[in-house]
Amino acid sequence: MPLPAETSPTAVASRLHVLAAALLFSTGGAAIKACSFDGLQVASLRSGIAALALPLLLGAARRGWGRPRTWLVGVAYAATLVLFVTSTKLTTAANAIFLQSTAPLWILVLAPWLLAERFRGRDLAFLGVAAAGLTALFAGSAPPSATAPDPATGNLLALASSVTWALTIVGLRWLERSGERGGLAAAAAGNLVAFVVVLPWAWPLPAAGALDWLTLGWLGLFQIGLAYLFLTRGLGGVPALEASLLLLVEPVLNPLWTWLVHGENPGGWPLAGGALVLAAVAARALLIDARANVTPPAAGKPRGP
């Protein structure tokens, strides 16, 4: 008797691939803080390694480099990469990842303008919950510490990264709707842009030990490169909703690894705020899926983001 599709070995393997990607993504906070290079140096060198790794690991990342849209989306992704690394160096890993996870707030604002996708009244409830979480993240920030020397500036950079990440997601959807399917090329191009643009501010590099270079290698080859390889393999056999929920493992584990490795305690309010943000994201994804299953979209009209 054949297994149901959702429990077949292929489906299980796809879920494990997505979870593996989320696990690798989640190591970013602890690894960034473990490296003695400053934020701009980490951002540039990590992206330089990833810009080489992605085309080597993924054939699709080698196609579409000549399209202007690929580079436009790549610039938004490059800004996200740099802002996230620098914010992680300045504030707690929890605040950096939770604030970046507020990107759906900005997508709701940007999608009607950039993609002509409708904003629904019921989305206000999710905006309200996510805004409450955002308030808790800012109001309850921990005082400066060895691993988070400037939480106020770091929080602002992390919030900026949520805006650029929202622009990246909107841009990737724009590529898909245009039929170009250049998401992986945009990711590789974004890493190349981040490396080249930030390198002048990262130079000269300080003397560093083998552990620092190994950490940078991990960030570029595994935390980005191998993670994308797992993600692309997994997405072929996992529905978009389930994949988005599985990827919420990243913001859950990111502060945990940083606490285990560095003893960084973000405090109760930021953790509560992060939980509200993730709950709002998950609940809205579930509602979108339920709505899509009940009422199919009209011909020619895109569904919400």
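We did not get these values from a lab; they are worked out from the coordinates using the rules stated. Note that the coordinates shown come from a computational prediction; the quantities given were computed from them, not determined experimentally. Neighbour counts are summed over all protein chains in view; Cβ atoms, including those assigned to glycine, are modelled from backbone coordinates with ideal geometry.
Give me the percent relative contact order of the range 38-157, please, defined on Cα pairs under 8 angstrom at least 6 residues apart.
Rounded, it is 34 percent for the range 38-157.
Which of the helices in the chain, when you take each full DSSP H run, stretch at least 18 Å along the axis at their Cα atoms and have an average Kyte-Doolittle score of -0.5 or higher?
Membrane-span-like by this criterion, though nothing is claimed about a membrane: 9-26, 39-57, 68-90, 123-139, 151-177, 183-202, 249-262, 268-294.
Output the peptides 55-63, 197-205, 223-231, 31-39 sorted from most to least packed, where packing is the average of other Cβ atoms within 10 Å over each peptide's residues.
Taking the mean over residues of other Cβ atoms within 10 Å, the ranking is 223-231, 31-39, 55-63, 197-205.
At 7 Å along Cα-to-Cβ for each site, give me the label-to-label distance between ALA210 and ASP38 in nm.
2.8
Once you keep just the Cα pairs under 8 angstrom separated by 6 or more residues, what percentage relative contact order results for the chain?
Rounded, it is 41 percent for the chain.
Could you work out [θ]222 nm for the chain from helices alone, using -39500 (n - 2.57) per DSSP H run of at least four and dividing by all its residues? Round to the nearest 500 deg cm²/dmol.
-23500 deg cm²/dmol
How large is the charge dipole for the chain, taken about the Cα centre, if only the Cβ atoms of Lys, Arg (+1) and Asp, Glu (-1) carry charge, to the nearest 20 debye?
That gives a dipole near 860 debye.
Show me the ranking of peptides 132-138, 166-172 by mean Cβ neighbours inside 10 Å, starting with the highest.
166-172, 132-138
Cut-off is 10 Å between beta-carbons; in what order do THR147, THR91 appear when sorted fewest neighbours first?
So the residues, fewest neighbours to most, are THR147, THR91.
Which whole-number percent gives the relative contact order of the range 72-225, counting Cα pairs below 8 Å spaced six or more residues apart?
Value for the range 72-225: 41 percent.
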